[in-house]
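This report refers to the structure that appears directly beneath it.
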Amino acid sequence: MRQEQMTVIKQKALATNIFEMTLAGELVSLMGTPGQFVHIRVSGGFEPLLRRPISISSINKDKGEFTIIYRAEGKGTSILSTKTPGDVVDVLGPLGNGFPVNIEGEKVFLIGGGIGVPPLYELSKQLREVGVEPIHILGFQSSDVMFYEEEFNALGETYIATVDGTAGEKGFVTHIIDQLPKEISHYYACGPMPMLKAVSSKLAGIEGFLSFEERMGCGIGACFACVCKTNNQVDGRDYVKVCSDGPVFKAGVVEL
Amino acid sequence: MRQEQMTVIKQKALATNIFEMTLAGELVSLMGTPGQFVHIRVSGGFEPLLRRPISISSINKDKGEFTIIYRAEGKGTSILSTKTPGDVVDVLGPLGNGFPVNIEGEKVFLIGGGIGVPPLYELSKQLREVGVEPIHILGFQSSDVMFYEEEFNALGETYIATVDGTAGEKGFVTHIIDQLPKEISHYYACGPMPMLKAVSSKLAGIEGFLSFEERMGCGIGACFACVCKTNNQVDGRDYVKVCSDGPVFKAGVVEL
Amino acid sequence: MNRLNIELPGLSLKNPIMPASGCFGFGKEFAKLYDLSVLGSIMIKATTVETRLGNPTPRVAETSSGMLNAIGLQNPGLEKVISEELTWLEQYNVPIIANVAGTLTEDYVEVAEKISKSPNVKALELNISCPNVKLGGITFGTDPVVAKELTAAVKAVSAVPVYVKLSPNVTDIVSIAKAVEEGGADGISMINTLVGMRLDTKTGRPVIANGTGGLSGPAIKPVAIRMVYEVSKHVSIPIIGMGGITEVDDVIDFLSAGASAVAIGTANFVDPFICPTIIEQLPAKLDELGIDHISELVGRSHR
Amino acid sequence: MNRLNIELPGLSLKNPIMPASGCFGFGKEFAKLYDLSVLGSIMIKATTVETRLGNPTPRVAETSSGMLNAIGLQNPGLEKVISEELTWLEQYNVPIIANVAGTLTEDYVEVAEKISKSPNVKALELNISCPNVKLGGITFGTDPVVAKELTAAVKAVSAVPVYVKLSPNVTDIVSIAKAVEEGGADGISMINTLVGMRLDTKTGRPVIANGTGGLSGPAIKPVAIRMVYEVSKHVSIPIIGMGGITEVDDVIDFLSAGASAVAIGTANFVDPFICPTIIEQLPAKLDELGIDHISELVGRSHR
Ligand SMILES: Cc1cc2nc3c(=O)[nH]c(=O)nc-3n(C[C@H](O)[C@H](O)[C@H](O)COP(=O)(O)OP(=O)(O)OC[C@H]3O[C@@H](n4cnc5c(N)ncnc54)[C@H](O)[C@@H]3O)c2cc1C
Ligand SMILES: Cc1cc2nc3c(=O)[nH]c(=O)nc-3n(C[C@H](O)[C@H](O)[C@H](O)COP(=O)(O)OP(=O)(O)OC[C@H]3O[C@@H](n4cnc5c(N)ncnc54)[C@H](O)[C@@H]3O)c2cc1C
Ligand SMILES: Cc1cc2nc3c(=O)[nH]c(=O)nc-3n(C[C@H](O)[C@H](O)[C@H](O)COP(=O)(O)O)c2cc1C
Ligand SMILES: Cc1cc2nc3c(=O)[nH]c(=O)nc-3n(C[C@H](O)[C@H](O)[C@H](O)COP(=O)(O)O)c2cc1C
Ligand code: FES
Ligand code: FES
């Protein structure tokens, strides 16, 4: 973990209000597992005051660059979307524990919903490197806000679901899961809570890894803002912190 | 008075932390007497929250442009100094009542201190147009923060005083006043309160016009933030508002 | 269909937006910028029996997302407010809420009795919460018993409904609200400013000549929302909410928290057109929220 | 010459800068970023007798120049705090101020008695001002009599000096401050958070699961400065000031207002290096102000 004024290398609109931003700096050398995140301060003042947690979506260690994909929605992310190459952004990271890649298995599901999709991209790349075949199941509200279909396609089978049916299957990722053979050793999921719930109950019995979101203060484990109850004790505790213990947990650990 | 998103035409550093900015827009057509001011919102958010009052230093009605000269000191003016041509700035103005130009007289003193100097420039131009000869007496802290010496020279006799003696006379504007013949019909002064006090007592007996500064809220006369006590009642009141009754008052009106 | 009108004791509001007392003078300055008749109402500057000169300057200071003021209830006095300001305001089709202040109960009573007879004054706002005067003002607003008595005394003489303006500088705002309700208040307006202070870092001295000042602006909105929320749960009289409103979403929040109308103070200094701008934006906002009439929003957070 | 050291009851501070309780956990996370020994002190997270799980999430929300939190005193409980957290902190050369919380007087007394025996705990901070728990917390901090009694009870058992942390959500903070001074407090820390609320504009529902939360950050600095200023005029015990500090100038302001040291809360989330950064900047700031030793600033605004 370190704090760094990183340089914007690229900023690109991928879809309606969805941006891809590439940042360069030494902090990249500390990045490891996919699913970790960075905590970004989008302005030097107090507007907004707090940092914004955003997942790392791909890492290029050779170039010392990494990429995030985010939705410009509220105050902070809207300001972020106005940055242009050469601007500097205050980044704290890499934070948290990501998805395990060294698994015993041949095929896995990577299930993402909306802005939960980005961390699956680096995950997919790293899984392929260790010889695991990723099957991507990605859900979006509509084709307007869909992104990275081709990028995922290039890495493996990719199924899309949209709520309004404007791309892929009409419906939720669970509709696609229903139709696919469950010949997988593991699954990985990142997306809104209802999706995580539905997915983990559909795939009960298969080892899964879920990435959670919570409102954060510090992002490093000091403030107890991002706590989730666990089903059983973890290290003698009845809770975990999404920022420092997670954001990725084995399915079943966190109370859904 | 109107509120307008005006376009920055020019921004130039004149001296250490002293900037000259030219703005264009329809609001210029409303500008009249020298000594009026504008109330500027330097950012779209709440950092800073309040507008900043800045004097109009010259007006170019033909081009639809006007110029301000300001010291980048605190939060607001520092942000203002980062604007570049093409940026827009939220301007409310023109505000207040300026210096009277239609006077009976041949020679006048224009006495300015620091960032009180700017409005005297437009004043000097307008006085010359009506055939009055301006004699400029300008005080600065030091040569580092001095500006417009040549511009004033081009309009008439110009005397400079600096506190540290790095330009002109060492000392205050009053030292220069002491040395000059008082063959003037009127004097005009803008600068810090102690200067206004000293000048008006030195030139007691001569009709003078003083421009005041006060912390402001609204800038238009509605909030009573910028009130000064008067020596005698004005319109049945014991006070005046710097923003809407002033900022220029006849010497003797406001309690010094 | 008018989707914005709100009926409150004494007040038939075209819309729930009005400038807050002290931030709009008596309207003359803003009338140069827009037609005051578009406003739901106008809360005029505090009026006292005698002319008041207020506090020494500087009277304002900026803070993070806020400002401090210590104007000190400067106003031309009851007579002039009635004969000059209110008469002038009659040209506009807008109900006036007169902000009543004083040092002793008698002062409040005198101002209330006389000013409530002005034809365009449709309600009084009893200012028991001004933090910037040594006597009166906030002292009436921090003790439930005193607040109740004053309310009753003013109600007894007022020709129009009385709204009591509460101070946020109290341990238990609900008890004050209940007390003024018992005292006969027809409504509540809240919140006045929080007492604050800014020092000049160089000299260590207070920036405001009065020492302390009242904190207003976006910084205090969370406190205001909390208090409106709590008070609206415990009283049955309507609330005019205020504190940090700068945009249309803030209006929605105050209504959701339980206010029936809102007042906008500091934001008038930042954007002099803020009141008419928000009024214009409201219908589209209602569409966005899928709501027919603005009154449906009132107290939504409790449901 | 050390220009920054401050001597307070129980505390020999290298400098007057310390992280505020609840914003720094027990130091472990920040220890990954810098050497905790540079700090004047550390105010650790509130400790209660039993393990506490705190409130449901969301627990934080952003506001203009501020944030709301309703953590709800989550902590691992007295035993673990002593055996794990405080023991771990012993590796650093930094005095610890233990924030003591509870529901009943007995709880406070038990935590105080035991935790004050830890070798690196040099003072207690009695948290009678937490707005985010239903019982205890703030209820002790709003009544002078209750506050005084609790202070006395804790003083009777504590092995180290006791600082009482005051709530700003009161009508008269001076009376509470005087009461705890009479109760035997060795110092005061102030302010805790202001109670506030944020609504989701779309749904009208509170953003924070608990409904209300505590407002902290730059937005509250004017309130904090005012209260430190007023309290320091009326008590003779030292004050640790806090509320909205984000830069070195803010530290100067709190000292000028009458604080002898300061704590930094929310700003640690914005800039995790804020404490060491400010400590580094202080000597140059003293030069700029023409001051030899930082203690000369204390109470400057009153002189
Ligand atoms: C571990 C983690 C990884 C994330 N990765 C991504 C990503 O890769 N791409 C992406 O677009 N979004 C991601 N999010 C969500 C992202 O943090 C929020 O969308 C963002 O903080 C909203 O900020 P805003 O300025 O748009 O919204 P505002 O409404 O201005 O935010 C107000 C406050 O609420 C917090 N907040 C609002 N929504 C969320 C949320 N969903 N989760 C957590 N905090 C929230 C903000 O951080 C801020 O403190 C992630 C969240 C977490 C916790
Ligand atoms: C009628 C009038 C005309 C002025 N003309 C000029 C000019 O032509 N050029 C110029 O450089 N300055 C001028 N000033 C002063 C200028 O307004 C302040 O320097 C400026 O507001 C400071 O803002 P800041 O952001 O630098 O400081 P900050 O410290 O961030 O200001 C904080 C607050 O204090 C107010 N404030 C601070 N100093 C002053 C001051 N001296 N007068 C009034 N308010 C102040 C600010 O407006 C703001 O509300 C004028 C002031 C008035 C009243
Ligand atoms: C400059 C100024 C003057 C004020 N004068 C009065 C007043 O005379 N009477 C009153 O009841 N409230 C007065 N207030 C308080 C406002 O009416 C309002 O309650 C408060 O500012 C909170 O709203 P805001 O955050 O929108 O400004 C004043 C506020 C300001 C900023
Ligand atoms: C997330 C968070 C948790 C807090 N937890 C505690 C606590 O456990 N005990 C306590 O006395 N104060 C607690 N506080 C209050 C702070 O210690 C401090 O008094 C307050 O935040 C004002 O300072 P600031 O504006 O610098 O944050 C907490 C504040 C925050 C933001
Ligand atoms: S965000 Fe502070 S503990 Fe997770
Ligand atoms: S600044 Fe509001 S009356 Fe002058």
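Residue-by-condition table, conditions (1) under 24 Å from residue C:271 (Cα atoms); (2) modelled with pLDDT under 95; (3) within 14 Å of chain C (Cβ to nearest Cβ):
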site	(1), (2), (3)
B:182	no, yes, no
B:188	no, no, no
B:191	no, no, no
B:205	no, yes, no
B:209	no, no, no
B:215	yes, no, yes
B:218	yes, no, yes
B:222	yes, no, yes
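Close contacts from the stretch C:1-30, counting a first residue that is of a type in the set (Asp, Glu) and a second that is buried (at least 24 other Cβ atoms within 10 Å of the Cβ) and not in a helix (DSSP H, G or I), with Cβ to Cβ under 8 Å and a gap of 6+ residues or different chains, come to C:29/B:218; C:29/B:220; C:29/B:222.
Considered as a group, the residues in the stretch A:165-182 that are assigned to a helix (DSSP H, G or I) and touching a residue at least 12 places away in the same chain (Cβ under 8 Å) include one that is surrounded by the most Cβ atoms within 10 Å (Cβ to Cβ), and that residue is A:173.
Comparison of B:198, B:222 shows that the only residue that is small (Gly, Ala, Ser) and within 23 Å of residue B:38 (Cβ to Cβ) is B:222.
Among the strands (runs of 3 or more DSSP E) lying completely within the stretch D:50-101, list those that include at least 1 residues that are within 14 Å of chain C (Cβ to nearest Cβ) and at pLDDT 95 or above. Even if it seems obvious, please write down each step before you answer.
On the way: elements: D:60-63, D:66-69, D:96-100.
The strands (runs of 3 or more DSSP E) meeting that bar are D:60-63, D:66-69.
Determine, yes or no, whether residue C:57 is in contact with an Asp or Glu (Cβ under 6 Å, 6 or more places away or on another chain), of a type in the set (Ser, Thr, Tyr) and more than 16 Å from ligand 4 (Cβ to nearest atom). In short, yes. Residue D:214 satisfies every condition listed in (1) in contact with a Cys (Cβ under 8 Å, 6 or more places away or on another chain); (2) at pLDDT below 95 except (2).
Looking at C:223, C:235, which is the one that is away from ligand 2 (no atom under 16 Å from the Cβ), more than 15 Å from the chain's Cα centre (by Cα), away from chain D (no Cβ under 12 Å) and in contact (Cβ under 8 Å) with a residue 40 or more places away in the chain?
On the way: C:223 fails: away from chain D (no Cβ under 12 Å).
After ruling out the rest, the residue left standing is C:235.
In the stretch C:144-161, the residue that is surrounded by the fewest Cβ atoms within 10 Å (Cβ to Cβ) out of those that are farther than 24 Å from residue C:220 by Cα and touching a Ser or Thr at 6+ places or on another chain (Cβ under 7 Å) is C:159.
What residue, of A:236, A:252, A:219, is within 24 Å of residue A:107 (Cα to Cα), away from ligand 6 (no atom under 16 Å from the Cβ) and outside the structural domain of residue A:70 (by TED's automatic domain parsing)? When all the criteria are applied, what remains is A:252. For the stretch D:54-69, a tally of residues being within 23 Å of residue A:236 (Cα to Cα) and either among the basic types (Lys, Arg) or away from ligand 5 (no atom under 14 Å from the Cβ) (or both) returns 2.
Look at (1) part of a strand (DSSP E or B); (2) more than 14 Å from chain C (Cβ to nearest Cβ); (3) buried (at least 20 other Cβ atoms within 10 Å of the Cβ) and you find that residue B:38 fails only one, number (2). Applying the condition of being among the aromatic types (Phe, Trp, Tyr) and buried (at least 21 other Cβ atoms within 10 Å of the Cβ) to the stretch C:250-303 and asking which residue is farthest from the other protein chains (Cβ to nearest Cβ) yields C:254. Annotation note: of A:142, A:43, A:81, the sole residue that is hydroxyl-bearing (Ser, Thr, Tyr), surrounded by fewer than 23 Cβ atoms within 10 Å (Cβ to Cβ) and not assigned by TED's automatic domain parsing to the domain that holds residue A:10 is A:142.
Checking the structure you have, find out if any residue of the stretch D:207-215 is of a type outside the set (S, T, N, Q), farther than 30 Å from residue C:297 by Cα and within 14 Å of chain C (Cβ to nearest Cβ). Can you show your working first?
Of the stretch D:207-215, the ones of a type outside the set (S, T, N, Q) are D:207-209, D:211, D:213-215.
Pick out the ones that are also farther than 30 Å from residue C:297 by Cα and you get none.
No, that holds for no residue.
Restricting the stretch B:183-224 to residues that are without any contact (Cβ under 8 Å) to a residue 12 or more places away in the chain and within 16 Å of ligand 3 (Cβ to nearest atom), the residue that is surrounded by the fewest Cβ atoms within 10 Å (Cβ to Cβ) is B:215. The C-beta contact set for the stretch A:47-76 (first residue within 16 Å of ligand 5 (Cβ to nearest atom), second residue of a type in the set (Lys, Arg), distance under 7 angstrom, 6+ apart or interchain) comprises A:48/A:75; A:51/A:41; A:76/A:52. Only one entry of D:251, D:262, D:228, D:270 meets the criterion of being among the hydrophobic types (A, V, I, L, M, F, W, C) and under 18 Å from residue D:62 (Cα atoms), and that entry is D:270.
If I go through the stretch A:38-63 residue by residue, how many of them are within 14 Å of ligand 1 (Cβ to nearest atom), within 30 Å of residue C:219 (Cβ to Cβ) and either at pLDDT 95 or above or not hydroxyl-bearing (Ser, Thr, Tyr) (or both)?
Here is the first cut: in the stretch A:38-63, the residues within 14 Å of ligand 1 (Cβ to nearest atom) are A:38-43, A:46-59.
Still in the running and within 30 Å of residue C:219 (Cβ to Cβ): A:38-43, A:46-54.
Filter again for either at pLDDT 95 or above or not hydroxyl-bearing (Ser, Thr, Tyr) (or both), leaving A:38-42, A:46-54.
Residues that pass the stated criteria total 14.
Filtered by the rule that a residue be within 14 Å of another protein chain (Cβ to nearest Cβ) and either of a type outside the set (A, V, I, L, M, F, W, C) or assigned to a loop (DSSP other than H, G, I, E, B) (or both), the stretch D:159-182 gives D:166, D:167, D:168, D:169, D:170, D:171, D:172, D:175.
Among residues of the stretch B:224-248 being in contact with a helix residue (DSSP H, G or I) (Cβ under 9 Å, 6 or more places away or on another chain) and away from chain C (no Cβ under 11 Å), the one that is nearest to ligand 4 (Cβ to nearest atom) is B:247.
Looking at D:197, D:190 in this structure, which one is away from chain C (no Cβ under 11 Å) and either in contact with a helix residue (DSSP H, G or I) (Cβ under 8 Å, 6 or more places away or on another chain) or more than 24 Å from residue D:10 (Cα to Cα) (or both)? If you could, list the steps in order and put the result at the bottom.
Details: D:197 fails: away from chain C (no Cβ under 11 Å).
That would be D:190, the only listed residue that is away from chain C (no Cβ under 11 Å) and either in contact with a helix residue (DSSP H, G or I) (Cβ under 8 Å, 6 or more places away or on another chain) or more than 24 Å from residue D:10 (Cα to Cα) (or both).
Of the numbered conditions (1) within 18 Å of the chain's Cα centre (by Cα); (2) within 12 Å of chain C (Cβ to nearest Cβ); (3) buried (at least 23 other Cβ atoms within 10 Å of the Cβ), residue D:247 fails exactly one; give the number of that condition. Condition not satisfied by residue D:247: (3).
Residues in the stretch A:14-28 that are over 13 Å from residue A:56 (Cα atoms) and either among the polar types (S, T, N, Q) or free of Cβ contacts under 8 Å to residues at least 24 places away in the same chain (or both): A:16, A:17.
The values are calculated or read from the model by the stated rules, or taken from the named source; none is laboratory data. The structure displayed is predicted, hence computed values, not measured ones. Cβ atoms come from the backbone with ideal geometry, glycine included; neighbour counts cover every protein chain shown.
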